[in-house]
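Beneath this line is the structure, given in structure tokens, with notes to follow.
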Amino acid sequence: MALESISATDTVPMRGKSVFGFLISSPIIAGASLCLLLVIASAILAPLLSPHNPMEMVPALRLKPPSADYPLGTDAFGRDLLSRTLYGGRISLLIGLGAAIISIVIGLAIGLVSGFFRWADAIIMRVMDGLMAIPAILLAIAVVALSGASLQTVLIAIIIPEIPRVVRLVRSVVLTAREEPYVEAAIAMGTSLPKILWRHLMPNTFAPLIVQGTYVCASAILTEAILSFLGAGISPETPTWGNIMAEGRSVFVIKPSLIFVPGFLLSIAILSINLIGDAARDALDPRMKQREGGR
Amino acid sequence: MSNGLTADGAANVLAIDNLVVTLGQRDDGPRIIDDISLHVGEGETLCLVGESGSGKSVTSLSVMGLLPKRVLRPTAGSIRLVGEELRAASDRRLRELRATRMAMIFQEPMTALNPVVPVARQIDEVLRAHTKYSAEERRRRIHAMMEQVRLPDVPRILASYPHQLSGGQRQRIMIAMALILDPKLLIADEPTTALDVTTQQQILALIRDLQREHGTAVLFITHDMGVVAEIADRVAVMRNGRIVETGALKSILRSPQEDYTRKLLSAVPSLIPRPARAHEASPAVLDVEGLSKVYRDRAMFGRARVVAAAEAVSLQLRKGHTLGIVGESGSGKSTVARCIMRLIEPSAGQIRLGGSDISFLSRRRLRPHRKRIQMIFQDPYRSLNPRMTVGETIAEGPVNFGMPRADALKQAKDLLRLVDLPTDSVARYPHQFSGGQRQRIAIARALAMNPDVLVADEAVSALDVSVQSQVLDLLDEIQKRLGIALLFITHDLRVAAQICDEVIVMQNGKVVEQGPAATILTQPRMPYTRALLEAAPGRDWDFANFCPVAQGALRLEPSQI
């Protein structure tokens, strides 16, 4: 036994640290986390922070500059820009989070089946190839045109093109993991297939899925804003960042803040989410860690 | 040879004095290499032996100046190559020295060669970077070098990409690249570990011959005592970053001074088969007949390529016996094991497990038979799920067959005791254990099913020799206590000699020879088996008894064919 201790410390990976420790790993990531936190907080606390009802139109006070009563001024219908922006954040984050979670849950299920069962693989992957061939925005416009503009339809329209990406990711992880000897050992022990999928294969997908989730989240927020801006999104009276910008387009020369304020928040939110996604990938992918420490 | 012991630097090609390598940025960080001194003289081979993690490779990388920067740093001592201090050398000077004065060959030539460039261009690059030879002169030199490393059909090989060559050929190319500028020092880091024994024998002979012709100093790193006995002039034993003992080959093998060296040598299994065990005629628990596995490369056009990984293999395994399947890589031994486990589907044949044929049962019909045959895998770092505790891992099988979880966990503790691990290991994760301990966990997991047959696929090949002998002892004891039949797949004849009652020798998917281990390993009838035995490194030396193998104990009688 004494001799065994020689090789004991070779490849022991770092464990025990909090999974979310990477959020404060560098000043930039910490800044991004803080920005995202502020955006989320402002969206959640929108009813408390907003000085006005975001839908309330005051025709007498159209396109007013910032004042004590209207900190960011008003839009072309006399609605408070600050209130609308805060409420718009709610929709954006809801879409981002919803798209990430739903596309991952669906994609994970399909990907696991596709990666483990050869007979299903060919069919599923061809369907996914087909889905990926459809331009996302075009599909979204079609879905919204068919079933009317609402939060659900926009969400569905955004999720559909994201699913194939998640499926491919999960499938590739499962394809590598199923060759691992511990999976073969489980087969030899008579472990049932659902249990092998659940206990031995699925945990391998978590790390890449967290990373993918952040990217889905960011792109969903962006897609929603684009759809609203194009007028194919959630109905125009609902405050969303895309809608505010779309309405601001015609009065850009008079009141550019209608585009700049929600645009700025949109950029900050997406930049923060992407930075956090990169940090998560570095923290969760051991190969990236090695490269950092290596040369 | 004794001039290597003096530190005056004149006769030494390589002189390492009081070298310290520390981990991390701080000078007082943990010492990976702790105050070692080594000297290699002209035309001399110094073997650096030690178990994994002993610092052998770090030593060689320090000499080459290839330590990962900012992670490992030499902090004290000196490394002199033909008198020149390497620690003071600039990166540029080191680059120059690396081709002209010192060269290195690695364990896995596939990763050291560029996969997308033909080998001729790769050798040519070395010449172009460091010499001013004309194209014609370079071509001439490359061809001469290829002759020297005894590669056949030189034009074809030079035009090949690395993946089109065999492991042995690739290693010869690496040697050609390393020696083409006639360096003073050659560092060989486990250059034959990934090769089959017969290829290993040729490469060792090649290194020895080239060294003699060129007068190169060789620093040869290995964990294999057999290889040491074949190639070393002097030996340095390393452990935990320190040199335990240095001495001439014969004196180390004959009269090691240090306990650790003695322990290391005694752990080397002997090639002389252990005395046959007395066996009453017990019933066959596993009976395989005409097992074949054929792979078809489905081609869209033209004819499909058919490869027989195993052809008409028949074997019988009795209760309490150990049957070894030996052979080189690609011989089909693992294919047979995996077919028997039904991890891959056999193409033909019968696999009778305790009387019932399981070869073509459906997944569901097979399930009840699963618990009677279990497997131990080669790589203990990959055969345990890193995200499951040891207890859950061991309990998984019994729970599958309806044992309540609490009972299964209790049984897991008993099994851990059986394999000499503390019972509180149940709550820990695999990464908290060493390789040998993990292999014990894997054995406990297999035993949890209370199987009749245990299939061990290279189960000790990834372990250091001392750990290897412990795991072999454990398997032996478990077999005695539980009467399990063991199907033991290995490429290592030494291991086979120590554990097997019967042996099957395989080559290219076919059984070459089969019979009692004592007969096959001392009086082989087939040329292939003889070749395997003759290639086993250090076969003339009985390491555990510190003396040459007694005359006649391992005689290879002239072939009877």
Residue order, fewest to most surrounding Cβ atoms within 10 angstrom, among A:Val261, A:Val167: A:Val261, A:Val167
I'd like the distance between the alpha-carbon centres of segment A:73-140 and segment B:462-521, rounded to an integer number of Å. 56 Å
List the lysines whose alpha-carbon lies under 30 Å from that of B:Lys69, not counting same-chain residues fewer than 8 positions away? A:Lys17, A:Lys289, B:Lys56, B:Lys184
Could you give the semi-axes, largest first, of the ellipsoid that matches segment B:370-462, computed as the square roots of 5 times the alpha carbon gyration tensor eigenvalues and rounded to whole Å? 18, 16, 11
Gain in span if fully extended, A:Ser147 to A:Phe252, counting 0.36 nm per residue against the direct Cα distance: 34.6 nm
Please give every one of the lysines within straight-line cross-link reach of B:Lys371, meaning a C-alpha to C-alpha distance under 27 Å, and leave out same-chain neighbours fewer than 8 residues apart. A:Lys195, B:Lys293, B:Lys319, B:Lys333, B:Lys410, B:Lys413, B:Lys480
Going out from 0 in 10 Å bins, what whole percent of all Cα-Cα distances in segment A:24-163 drops into each bin? 11, 24, 27, 23, 11, 4, 1
Measure nothing but the geometry: give the 0 to 90° angle between the long axis through the Cα atoms of B:135-148 and the longest principal axis through the Cα atoms of chain B, rounded to 10°. 50 degrees
Return the Cα extents of segment B:438-493 along principal axes one, two and three, sorted largest first, each rounded to a whole Å. 28, 20, 17
Peptide B:489-497 - average C-beta neighbours from other chains (10 Å radius): 0
Using only helices, what value at 222 nm comes out for chain A when you add -39,500 (n - 2.57) per DSSP H run of length 4 or more and divide by the total residues, to the nearest 500 deg cm²/dmol? -22000 deg cm²/dmol
Would you be so kind as to identify all helices of chain A, as entire DSSP H runs, whose Cα atoms reach 30 Å or more along the helix's own axis and whose mean Kyte-Doolittle hydropathy is at least 0.5? A:81-116, A:151-177, A:206-230, A:257-284
Assigning unit charges at the beta carbon (Lys, Arg +1; Asp, Glu -1) and nothing else, what dipole magnitude in debye, to the nearest 20, does segment A:184-284 show about its Cα centre? 80 debye
For the protein assembly as shown: span of alpha carbons on each principal axis (Å, largest first): 113, 71, 60
Against the empirical 2.2 N^0.38 Å scaling, what ratio does the C-alpha Rg of chain A come to? 1.23
At R0 = 60 Å, FRET efficiency that the Cβ-Cβ distance of A:Ile123 and B:Arg254 yields, to 0.05: 0.30
What distance in nm lies between label points placed 7 Å from Cα along the C-beta direction at B:Lys132 and B:Ala531? 4.9 nm
With R₀ set to 60 angstrom, the calculated FRET efficiency between the beta-carbons of A:Ile24 and B:Ala278, to the nearest 0.05, is 0.35
In debye to the nearest 20, the charge dipole size for the protein assembly as shown, taken about the Cα centre with +1 at each Lys and Arg Cβ and -1 at each Asp and Glu Cβ, equals 1460 debye
Relative compactness, segment B:31-166, computed as alpha-carbon Rg over 2.2 N^0.38 Å: 1.23
One point scatterer per Cα, no solvent, Debye formula: log10 I(q)/I(0) for segment B:144-207 at q = 0.29 Å⁻¹ comes out as -1.45
Among A:Trp198, B:Val453, A:Pro236, whose Cα sits farthest toward the positive end of the charge dipole of the protein assembly as shown (+1 at Cβ of Lys/Arg, -1 at Cβ of Asp/Glu, about the Cα centre)? A:Pro236
Ordered by fewest other Cβ atoms within 10 Å, a rough proxy for footprinting exposure, B:Cys547, B:Cys47 read B:Cys547, B:Cys47
Can you give me the angle between helix B:390-400 and the longest principal axis of chain B, using Cα atoms only, in degrees from 0 to 90, rounded to the nearest 10? 30 degrees
Order of A:Phe264, A:Phe116 from fewest to most other C-beta atoms within 10 Å? A:Phe264, A:Phe116
I need the semi-axes of the equivalent ellipsoid of chain B: take the C-alpha gyration tensor, multiply each eigenvalue by 5, square-root it, list largest first in whole angstrom. 43, 29, 24
Long-range Cα-Cα pairs in segment A:144-237 (distance over 23 Å), rounded percent: 46 percent
Expressed as a whole number, the average count of other chain Cβ atoms within 10 Å around the Cβ atoms of B:376-387 is 5
Given 0.36 nm per residue, what is the gain on full extension from B:Lys69 to B:Asp17 after removing their alpha carbon distance, in nm? 16.6 nm
Using the crude model of +1 on Lys and Arg Cβ and -1 on Asp and Glu Cβ, and no other charge, please compute the dipole size for segment A:24-100 relative to its Cα centre, in debye to 20. 80 debye
Using only Cα atoms, find the angle between the long axis of helix B:119-130 and the longest principal axis of chain B, and express it within 0 to 90 degrees, rounded to the nearest 10. 30 degrees
If you average the C-alpha positions of segment A:170-196 and of segment B:133-169 separately, how far apart do those two centres end up, in angstrom? 44 Å
Give me the percent of DSSP beta bridges within the protein assembly as shown that run antiparallel, rounded to the nearest 5. 60 percent
The alpha-carbon pair-distance distribution computed for segment B:460-540, with 5 angstrom bins and whole-percent values, is 3, 13, 24, 24, 19, 13, 5, 0
Need one number: nm distance between label points at B:Met110 and B:Asp91, each 7 Å from Cα along Cα→Cβ, rounded to one decimal. 3.1 nm
What lysines sit close enough to A:Lys255 to cross-link, taking a C-alpha to C-alpha distance under 25 Å and skipping anything fewer than 8 places away on the same chain? A:Lys64
For B:Lys263 and A:Leu97, what does the FRET efficiency come to when R0 = 60 Å and r is the distance between their Cβ atoms, rounded to the nearest 0.05? 0.50
Label point distance in nm, B:Gln164-B:Gln350, each placed 7 Å from Cα along Cα→Cβ: 4.7 nm
On a full-extension model of 0.36 nm per residue, what is the gain between A:Val58 and A:Val105, subtracting their alpha-carbon distance, rounded to one decimal in nm? 12.5 nm
Beyond 29 Å, what share of the Cα-Cα pairs of segment B:201-357 is found? Please give it as a whole percent. 52 percent
Shielding by partners - mean other protein chain Cβ count within 10 Å, residues of A:177-184: 6
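Read-outs throughout are calculated quantities, based only on the coordinates presented, and are distinct from any laboratory measurement. Just so you know, these numbers come straight off a predicted model, no measurement behind them. Backbone-built Cβ (ideal geometry, glycine too); neighbour counts: all protein chains shown.
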